[in-house]
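Okay, so here's the structure we're looking at.
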Amino acid sequence: MKTTDVLIIGTGLAGTYVALNLPSNMEITMLCHHSTNSTLAQGGIAISLDQKDSFEAHIEDTLTAGRHTNNLEAVKTLIESAPDQIHTLKELGVEFDQDAQQNIHATLEGGHSYPRVIHAGGDQTGQSVMSLLDQKIQSAKNIRILSGASLLELVVDDQQAIGIVYEKNGIIQVLYAKHIVMATGGLGDLYEHTTNQEGSTGEAIAIAAFAGVKCQDMRYIQFHPTAYKNKDKGYFLITEAIRGVGAYLLDAHKKRFMEPLHPLKELAPRDIVSKAIYDVIESTQEPFVYLDTRHIQTAYLKERFPNIYKTLEKDNLILGVDLIPVTPVAHYTIGGICTDLMGRTNLNNLYACGEVASTGVHGANRLASNSLLECLVFGKNVAEHIVSNHEHTSLPSYSMNPPNHWKYTKTTASQNYLIHKAYIQEIMTKHVGIVRYDNQLKLAKSKLIRLLHQLKKVRFEHVDHAKSYNLVSISLMVVEDALAHESLGCHYKEKKSEKKGLKSC
Ligand SMILES: Cc1cc2nc3c(=O)[nH]c(=O)nc-3n(C[C@H](O)[C@H](O)[C@H](O)COP(=O)(O)OP(=O)(O)OC[C@H]3O[C@@H](n4cnc5c(N)ncnc54)[C@H](O)[C@@H]3O)c2cc1C
């Protein structure tokens with residue numbers, strides 16, 4: 001029987017930060033199957049540092065973005081714990097960008113009433129933080145990483161999570177742990193157009209739900225307003241921080257359209273900007289709007305946003321010179337596995353943190369750059385709770401044999417997973433986007449249920465079938481939650497039943 005003290009599923013910022021906050025005498029195993037979204041983070045981490053700013057203002061901005069449906073305790077915990085976590089990151093060696101006076105430089109992003117987003121490597125905050133933390137993980141003797149491994153099931157015994165079933169190199173294995181942490185990120189890749197890494201399908205949320213774990217707010221998928229369609233591959237995020245330094249949005253007639261819509265104009269909360277762009281795209285029938293930086297110096301933009309500059313330059317677009325075509329795409333998962341502020345779920349010894357968790361901190365819409373902070377603050381809390389609970393936790397001593405349905409019968413790879421995934425992405429994109437109609441949601445539901453029934457028969461034949469089954473299930477969770485609730489943030493539910501075509505997302 002293979003065991004470990006702490007099993008962390010996910011090697012993004014949330015999982016990594018939990019691991020680094022655990023003592024070195026604990027045996028930790030980390031599991032991952034695709035690249036993390038954490039490395040892609042551009043804009044930075046929101047924290048109120050300046051004398052003229054305050055926790056209260058950051059809290060108020062978070063509540064305003066979340067339509068005041070946030071869990072206030074979670075918001076306070078997030079914001080008031082930020083200085084300690086940033087201090088820890090600095091101690092670990094993260095170098096945040098500085099201004100001329102050698103203070104940490106903070107910038108403005110959508111929905112913030114004060115420039116409070118700190119960053120590293122210009123627009124490569126995620127990469128800068130993660131490369132350093134990854135080194136620490138690699139050199140820690142008590143941490144083992146199983147990469148290319150897919151979580152398939154949670155093993156639960158008497159309301160306690162005691163292990164997982166996973167697949168690596170075609171072999172199904174079971175690993176038992178005293179503490180299990182879900183840090184599996186979001187589900188943007190359920191959509192055809194997303195800023196997320198391929199593989200960010202939220203499968204783990206469905207797996208948790210099958211094991212009886214409570215989930216909530218699955219309807220809230222945040223669409224980022226400004227993604228650029230790369231010539232050679234998918235969508236590339238253009239950080240809100242560019243609008244923070246003054247970039248405008250223009251319609252097909254090269255006119256600004258945010259001015260009459262919100263006092264913060266281009267820096268209104270994300271859902272408002274995304275919906276405005278959606279409406280412009282609908283009315284002009286152009287598949288995008290433009291980001292205009294022509295009034296800002298190229299040299300400054302190149303230094304401040306080096307990665308975006310380089311990426312656009314490859315497509316012959318120069319910041320400060322050319323208009324950049326942008327469109328909203330699926331970006332961030334607000335709902336997920338229900339947890340308290342220590343990351344505890346309704347199953348004993350099962351925790352969740354980072355994007356996969358739902359503490360209610362974001363309410364109906366996430367404030368920009370609060371999510372890396374969420375990984376740090378709640379990741380730290382999870383580690384603390386594991387430590388305080390470790391002595392009282394033990395694995396059941398009797399022999400645990402996995403039930404039969406874990407014995408997948410076929411080992412040959414199936415092509416069906418990719419076909420199913422593309423079909424599901426099409427459904428989610430067409431019917432479950434920024435603007436949602438009841439009849440379209442019902443249509444999505446019936447298509448997904450049909451596929452679910454087909455897959456039920458073969459679910460345990462091959463790992464790929466199980467993965468397809470998880471994808472349909474997580475999509476259904478989003479659709480059913482959207483059908484059951486009125487919209488408050490992130491997306492808009494239209495009363496009328498007809499749907500005009502949604503071209504971009
Ligand atoms: C392009 C982009 C830019 C962003 N910019 C910012 C920003 O500037 N500021 C900010 O605050 N936020 C930003 N965000 C959001 C933020 O990056 C994420 O919310 C955060 O990094 C999520 O971290 P995480 O550790 O929860 O998940 P991830 O970093 O996504 O890690 C998920 C991990 O789980 C593993 N995993 C998932 N499912 C399974 C499975 N079934 N089996 C095995 N392993 C699994 C993956 O392999 C991966 O290791 C951005 C997001 C994107 C996509």
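Just a few scattered comments:
- Look at the alpha carbon pairs under 8 Å that are at least 6 residues apart: their mean separation over the length of the chain gives a relative contact order of 21 percent.
- Each other residue within a Cβ distance under 11 Å of Gly188 adds +1 if Lys or Arg and -1 if Asp or Glu, for a net charge of -4.
- Förster-model FRET efficiency, 45 Å R0, Arg256 and Lys90, C-beta, rounded to 0.05: 0.70
- Net length gained if the chain between Asn439 and His453 were fully extended (0.36 nm per residue, minus Cα distance): 2.9 nm
- Anisotropy class of the stretch 220-285 from Cα gyration tensor, a/c 1.5 cut: rounded
- Environment charge of Lys214, counting only residues whose C-beta is closer than 15 Å and scoring Lys/Arg +1, Asp/Glu -1: -3
- Mean separation of Cα contacts under 8 Å, 6 or more apart, over the residue count of the stretch 1-72: relative contact order %: 26
- Between Met1 and Val387, the FRET efficiency estimated from the beta carbon spacing at R0 = 22 angstrom works out to 0.35.
- Separation of the stretch 63-110 and the stretch 185-231, taken as the distance between their Cα centroids, equals 24 angstrom.
- DSSP H segments from the chain that extend 18 Å or more along their own axis, Cα-based, with Kyte-Doolittle mean of 0.0 or above: 270-284, 371-389, 463-484
- In terms of accessible area, using a 1.4 Å probe and ignoring ligands and nucleic acids, Cys353, Cys338 rank largest first as Cys338, Cys353.
- Computed log10 I(q)/I(0) for the stretch 170-266 at 0.20, 0.25 Å⁻¹: -1.14, -1.35, from the Debye equation with unit scatterers placed on every C-alpha and solvent omitted.
- Partners for Lys493 among lysines (Cα-Cα distance below 26 Å; same-chain residues under 8 apart left out): Lys214, Lys265, Lys275, Lys421, Lys430, Lys442, Lys445, Lys447, Lys503
- The value of relative contact order for the stretch 227-330, using C-alpha pairs under 8 Å at least six residues apart, is 30 percent.
- Counting only DSSP beta bridges whose two residues both lie in the chain, roughly 60 percent are antiparallel.
- Distance from the stretch 425-500 to the stretch 236-253 (C-alpha centre basis), Å: 31
- Extension gain, Ala140-Leu323: 0.36 nm per intervening residue step, less the Cα-Cα distance, totals 61.2 nm.
- Separation of alpha-carbon centers, the stretch 301-342 and the stretch 15-53, rounded to whole Å: 20
- Share of alpha-carbon pairs per 20 Å distance bin for the chain, given as whole %: 24, 57, 18, 0
- Proximal lysines relative to Lys310, as straight alpha-carbon distance under 25 Å, when same-chain residues fewer than 8 apart are discounted: Lys229, Lys231, Lys233, Lys254, Lys302
- Calculated mean residue ellipticity at 222 nm for the chain: -11000 deg cm²/dmol, from DSSP H runs with n ≥ 4 weighted as -39500 (n - 2.57), summed, divided by the residue count and rounded to 500.
- Full-extension gain in nm, Ala422 to Gln173, via 0.36 nm per residue minus C-alpha separation: 86.8 nm
- Sites Ala484 and Lys265 - FRET efficiency at Förster radius 41 Å, r taken between beta-carbons, to 0.05: 0.75
- Surface analysis of the chain yields an accessible area of 40 Å² per residue, using protein heavy atoms and a 1.4 Å probe.
- Here the stretch 227-330 is described by how far its Cα atoms reach on the three principal axes: 31, 28, 25 Å, from widest to narrowest.
- Square roots of 5 times each gyration tensor eigenvalue, C-alpha, the stretch 410-494, largest first, Å: 28, 11, 10
- Cα-centred dipole magnitude for the stretch 110-171, charges only on beta-carbon of K, R (+1) and D, E (-1), debye, nearest 20: 380
The values are calculated or read from the model by the stated rules, or taken from the named source; none is laboratory data. The structure displayed is predicted, hence computed values, not measured ones. As a convention, Cβ positions derive from the backbone with ideal geometry for all residues, glycine included, and neighbour counts pool all protein chains shown. We work out accessible area using only protein heavy atoms, side chains counted, and drop any ligands, DNA or RNA first. Shrake-Rupley method; radii C 1.70, N 1.55, O 1.52, S 1.80 Å.
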